[in-house]
1. Restricting to the stretch 118-145, and then to whatever is in contact (Cβ under 8 Å) with a residue 40 or more places away in the chain and either in a loop (DSSP other than H, G, I, E, B) or hydroxyl-bearing (Ser, Thr, Tyr) (or both), can you tell me which residue is surrounded by the fewest Cβ atoms within 10 Å (Cβ to Cβ)?
2. Six or more apart or on different chains, Cβ under 7 Å: which pairs go from a residue in the stretch 248-266 that's free of Cβ contacts under 8 Å to residues at least 60 places away in the same chain and open to solvent by 60 Å² or more (accessible area, probe 1.4 Å) to one that's charged (D, E, K, R) and part of a helix (DSSP H, G or I)? Could you list them?
3. Check the stretch 373-392 and report whether any residue there is in contact with a Gly (Cβ under 7 Å, 6 or more places away or on another chain) and buried (at least 21 other Cβ atoms within 10 Å of the Cβ).
4. Considering only the stretch 434-470, state which residues are buried (at least 20 other Cβ atoms within 10 Å of the Cβ) and free of Cβ contacts under 8 Å to residues at least 40 places away in the same chain.
5. Does at least one position in the stretch 486-495 carry a residue that is over 19 Å from SER439 (Cα atoms), open to solvent by 30 Å² or more (accessible area, probe 1.4 Å), part of a helix (DSSP H, G or I) and at pLDDT below 85?
6. Starting from residues that are of a type in the set (A, V, I, L, M) and under 18 Å from LEU58 (Cβ atoms), keep the ones in the stretch 97-117 and report whichever is surrounded by the fewest Cβ atoms within 10 Å (Cβ to Cβ).
7. Consider only pairs whose beta carbons are under 7 Å apart and that are at least six residues apart or on different chains; among these, list those whose first residue lies in the stretch 325-346 and is within 13 Å of PHE386 (Cα to Cα) and in contact (Cβ under 8 Å) with a residue 12 or more places away in the chain and whose second residue is among the β-branched types (Val, Ile, Thr) and open to solvent by less than 20 Å² (accessible area, probe 1.4 Å).
8. Filter the stretch 173-194 down to residues that are under 23 Å from VAL259 (Cβ atoms) and surrounded by fewer than 24 Cβ atoms within 10 Å (Cβ to Cβ) and give me whichever is nearest to the chain's Cα centre (by Cα).
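The values are calculated or read from the model by the stated rules, or taken from the named source; none is laboratory data. Keep in mind that this is a model prediction, so the values were computed, not measured. Glycine also receives a Cβ, built like all others from the backbone with ideal geometry; neighbour counts cover every protein chain displayed. These area figures cover heavy atoms from the full protein model, side chains too; ligands, DNA and RNA do not enter into them. Shrake-Rupley method; radii C 1.70, N 1.55, O 1.52, S 1.80 Å.
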Amino acid sequence: MMLFLLHLAGAAALLIWSVRLIRTGVERAFLPQLRLALRRSERSRVLTAGSGLLAAILLQSSTAVALIVAGFTISGGLAAAGGLAILLGADLGSAIAAQILLVRADWIEPLLFLAGTLMFLRARRRAVRQTGRVLIGLALVFVSLDMIQLATEPLKDSPVVATLVGYLEGDAVSAFVIGGVLAYAVHSSLAAVLMFVTFVAAGVLSVSAGAAMVLGANLGGAMIPVILTLSMPVAARRVVMSNLVLRGGGAILLLAALVFLQPDLSPLGAAEYRQVINFHLAFNAVLLVLGLPLTGMVTRAVGGALRDGTGGDLTAPIPALDQGALDQPERALAAAGRETLRMAERVAAMLVPALALYRAWDDDVADAIRLAEDDVDRMHFQSKLFLARLQERDLSEDQRRRAMDLVSVANNLEDAGDRISTDLMGMARRMRTEGLSFSKDGWRDLEDFHDLVVANAQLALDVLMSDDADVARQLLEQKDRVRQIERDLQERHLERLRQGGSETLETSNLHQETIRALKLVNTALCFIAYPIAEEAGDLLSSRIARPQADAPPKDRPRRKRKAEA
């Protein structure tokens with residue numbers, strides 16, 4: 001029995017990791033394009049749901065789509081009803097992804113391994129290398145499913161398993177709960193559904209028990225983004241909670257139908273496992289069709305039930321800097337690194353809702369950003385003081401370099417916070433005071449650019465957390481991309497000026513200054529990657545070989561009196 005559990009646990013772990021491998025590959029190669037497609041799809045509910053469906057198939061995760069959408073709703077770039085439509089499409093996309101992963105030819109696994117490995121090891125372009133990662137992940141999914149089926153094959157003749165299956169077949173509620181718990185535990189409804197269907201294919205689970213567990217996985221999958229967004233503003237929680245109401249509520253209603261009506265699922269497929277996987281697909285398809293017209297009503301009802309937020313809690317928790325750690329350099333550097341990470345998180349939290357103030361001024365959001373900027377200033381000053389005192393100790397050369405790197409990163413984060421709270425908020429206030437509005441094309445350009453900078457802020461947090469040279473390299477590549485996009489946007493703005501649009505003429509300076517401010521925020525955030533990339537030798541052949549020249553100036557005149565002045 002222990003050997004069986006070991007084989008099964010190993011196969012399940014490989015499945016979970018393989019699904020994650022696919023998702024990270026797609027995110028590293030195509031996430032900016034996916035984010036852009038999701039946010040621009042709000043022209044019709046059908047198109048919106050279709051974008052969510054495609055994104056979930058590519059990311060192999062409806063949860064990843066939900067977190068992206070939550071960020072859009074916080075920044076004001078996506079209405080709640082449109083966000084819910086995307087999530088309903090993503091739920092169906094996750095079900096389609098399960099269908100795709102269960103259909104394969106015998107030769108597909110070695111071909112995927114061969115092509116994926118060659119692309120990942122030989123290709124120079126990031127998109128091609130990450131596509132190779134995705135292909136390897138797909139092959140590993142197939143291998144893990146085969147491992148699960150082989151591990152469970154001997155259980156078909158076990159009297160203990162027969163008793164357990166009989167119990168679950170007669171108690172659909174227990175099967176439902178088990179399915180939900182397992183889906184939440186592995187943080188992937190897709191991986192859970194694939195496991196349950198594989199159990200049915202191996203004869204370990206009956207069709208009715210498998211169907212109940214799949215419904216539970218749908219509820220568990222809808223719970224994951226709800227838990228992950230508990231600390232976010234109401235705008236984000238409203239969307240994922242609405243999806244839980246529809247997807248989780250639909251799963252409970254269908255469970256009641258399974259218990260009381262005991263429908264025959266044989267029309268859904270010739271093989272028993274096909275009946276279960278098609279049942280999962282049909283449930284999410286019907287949910288999309290019935291739920292799409294209700295998105296506005298459901299999000300309004302859920303929004304009214306949730307406690308109104310104040311733009312998010314952007315204030316600082318207990319300080320990370322421990323003066324008692326100064327005599328232990330490694331511990332002190334770790335504490336300073338944690339404080340720097342908190343600064344970066346605060347700046348990212350300020351950046352997300354900043355552009356929404358241009359459309360509709362919100363005093364609560366503005367106050368939260370100002371409080372967060374005060375907090376960033378305080379952490380900046382205390383970090384510099386802490387690291388200055390640390391350098392009075394007997395440090396190694398490497399420790400002194402790390403301390404100076406942390407000071408430089410903190411300086412740039414403080415500069416980014418200043419840009420947001422002073423430049424962006426100042427221009428948003430002027431938009432409200434003078435009753436100005438950008439043109440439709442101008443809004444679209446700004447929202448796209450803001451979303452790209454927000455995505456890079458998240459990438460900068462990843463760099464701070466991981467110290468990964470590959471992620472740092474990706475962030476610096478994004479910095480070059482932002483520079484080129486900024487030029488393109490300025491050219492497009494000049495073209496609109498030549499066409500003489502009244503909105504463009506009235507807001508020309510505001511539009512260009514907003515783009516410039518966002519670019520400088522991005523530059524400050526990207527500085528996080530410089531020390532790691534320099535240590536890895538990645539700056540030698542780059543246009544950014546001299547990072548100080550491109551970093552925001554530290555001694556420029558300040559727009560306001562700082563706490564340390």
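1. Only one residue fits best here, namely THR131.
2. No pair meets every condition.
3. Filtering the stretch 373-392 down to residues in contact with a Gly (Cβ under 7 Å, 6 or more places away or on another chain) leaves 373, 376.
From what's left, buried (at least 21 other Cβ atoms within 10 Å of the Cβ): 373, 376.
Yes, there is a match, as at least one residue in the stretch 373-392 is in contact with a Gly (Cβ under 7 Å, 6 or more places away or on another chain) and buried (at least 21 other Cβ atoms within 10 Å of the Cβ).
4. The answer is LEU459, and nothing else.
5. So far as the stretch 486-495 goes, no, none of its residues is over 19 Å from SER439 (Cα atoms), open to solvent by 30 Å² or more (accessible area, probe 1.4 Å), part of a helix (DSSP H, G or I) and at pLDDT below 85.
6. Of the stretch 97-117, the ones of a type in the set (A, V, I, L, M) are 97-98, 100-103, 105, 108, 111-112, 114-115.
Remaining after also requiring under 18 Å from LEU58 (Cβ atoms): 97-98, 100-103, 112, 115.
Values: ALA97: 24, ALA98: 23, ILE100: 12, LEU101: 23, LEU102: 18, VAL103: 8, LEU112: 22, ALA115: 15.
This residue is VAL103.
7. Pairs found: THR340/VAL409.
8. Initial filter on the stretch 173-194 (under 23 Å from VAL259 (Cβ atoms)): 173-184, 189, 192-193.
Those still in the list that are surrounded by fewer than 24 Cβ atoms within 10 Å (Cβ to Cβ) too: 173-174, 177-178, 181-182, 184.
Values: VAL173: 32, SER174: 32, VAL177: 27, ILE178: 27, VAL181: 22, LEU182: 22, TYR184: 17 Å.
So the residue we want is TYR184.
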